[in-house]
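The values are calculated or read from the model by the stated rules, or taken from the named source; none is laboratory data. Since this is a predicted model, take the numbers as computed values, not measurements. Please note: Cβ atoms are built from the backbone with ideal geometry, for glycine as well, and neighbour counts cover all protein chains shown.
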């Protein structure tokens, strides 16, 4: 009797959450979706290449499929790549008049590895917020385009940063919903906006827009995805369960959302934003409790 490999159960090397069959279907449908727009590509692991320098990563669309029945994959993949192709047709920041550049620019947080493969001189203007990069993008109906140093050089840098910040704040942070989980609680803000997580860079303004009044110990924050932000104001009722609840929820969001941003839990001490989580070699998280919060994190969960 011959031995057959059960491909229906074998998992893909690039997408471990998918079987080999499912991953091959993802790649095939993605290639077909781009072909509808006249772009011929081949699949190489977790990326599609057209042979002329154009590449399309598959990680975001793979994450989108996690919550979608397989019978609907075709539609989700088709719409995803239609948006990507539309983004390619948008005018680049260098082609915009200065007035339009200022009208459409916003600050946006991004993970450091997003720009790691780009020449260092392209993004020297960016700023750091905890372990993340704060950059400036041009917002459009289909995508965002990151400004490079050459784009920033066209405008007074201080004016550009101030305008990009003001444009983000003008858009508002959205409506918070209280979440109670495992004896802890926090407020969650989720939306379709890829700027939702960028409010992490402006906690004082965030609290003001939400009508929150921070106490002397500030707040716990997380931005697990570009589209998600979590906040817990530290007060007399705060316990270790609140930090544990936020961290657990944030890790789930970071793992499943199409645009992951940071797996960390942050402490805003009313001045700085500090990452207070660590991950061991097995990626298991722990909270490094700052001395100032020792009493808070020693309290037991509320009954």
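Tell me whether the stretch 237-249 contains one or more residues that are closer than 21 Å to residue 201 by Cβ and assigned to a loop (DSSP other than H, G, I, E, B).
No, because not a single residue in the stretch 237-249 is closer than 21 Å to residue 201 by Cβ and assigned to a loop (DSSP other than H, G, I, E, B).
Just need a number here: residues in the stretch 120-130 that are in contact with a helix residue (DSSP H, G or I) (Cβ under 9 Å, 6 or more places away or on another chain) and either assigned to a loop (DSSP other than H, G, I, E, B) or modelled with pLDDT under 90 (or both).
So the answer is 6.
Restricting the stretch 97-110 to residues that are within 21 Å of residue 196 (Cβ to Cβ) and not in a helix (DSSP H, G or I), which is farthest from the chain's Cα centre (by Cα)?
For the stretch 97-110, the residue satisfying everything is 105.
Yes or no: residue 215 at pLDDT below 95 and surrounded by 22 or more Cβ atoms within 10 Å (Cβ to Cβ)?
Answer is no for this residue.
Which numbered condition in (1) closer than 30 Å to residue 148 by Cβ; (2) modelled with pLDDT of 90 or more is the only one that residue 83 fails?
(2)
Take residue 237 and tell me if it is surrounded by fewer than 18 Cβ atoms within 10 Å (Cβ to Cβ), in contact (Cβ under 8 Å) with a residue 12 or more places away in the chain and not assigned by TED's automatic domain parsing to the domain that holds residue 130.
yes
Any idea how many residues of the stretch 6-38 are surrounded by fewer than 16 Cβ atoms within 10 Å (Cβ to Cβ) and in a helix (DSSP H, G or I)?
5
Restricting attention to the stretch 39-96, which residues are surrounded by 14 or more Cβ atoms within 10 Å (Cβ to Cβ) and assigned to a strand (DSSP E or B)?
Of everything in the stretch 39-96, those that are surrounded by 14 or more Cβ atoms within 10 Å (Cβ to Cβ) and assigned to a strand (DSSP E or B) turn out to be 43, 47, 48, 56.
Among the numbered criteria (1) in contact with a helix residue (DSSP H, G or I) (Cβ under 8 Å, 6 or more places away or on another chain); (2) assigned by TED's automatic domain parsing to the domain that holds residue 100; (3) assigned to a helix (DSSP H, G or I), which single criterion is violated by residue 133?
Unmet condition: (3).
With the requirement that a residue be buried (at least 20 other Cβ atoms within 10 Å of the Cβ) and under 13 Å from the mean Cα position of the chain (by Cα), what does the stretch 240-262 give you?
250, 253, 257, 260, 261, 262
Sort through 158, 192, 113 and tell me the only one that's in a loop (DSSP other than H, G, I, E, B) and surrounded by fewer than 14 Cβ atoms within 10 Å (Cβ to Cβ).
On inspection, the qualifying residue turns out to be 192.
Among what's in the stretch 207-236 and is part of a loop (DSSP other than H, G, I, E, B) and under 26 Å from residue 16 (Cα atoms), pick the residue that is nearest to the chain's Cα centre (by Cα).
In this case the residue turns out to be 226.
Restricting to the stretch 270-296, give me the number of residues that are buried (at least 18 other Cβ atoms within 10 Å of the Cβ) and not in a strand (DSSP E or B).
Result for the stretch 270-296: 3.
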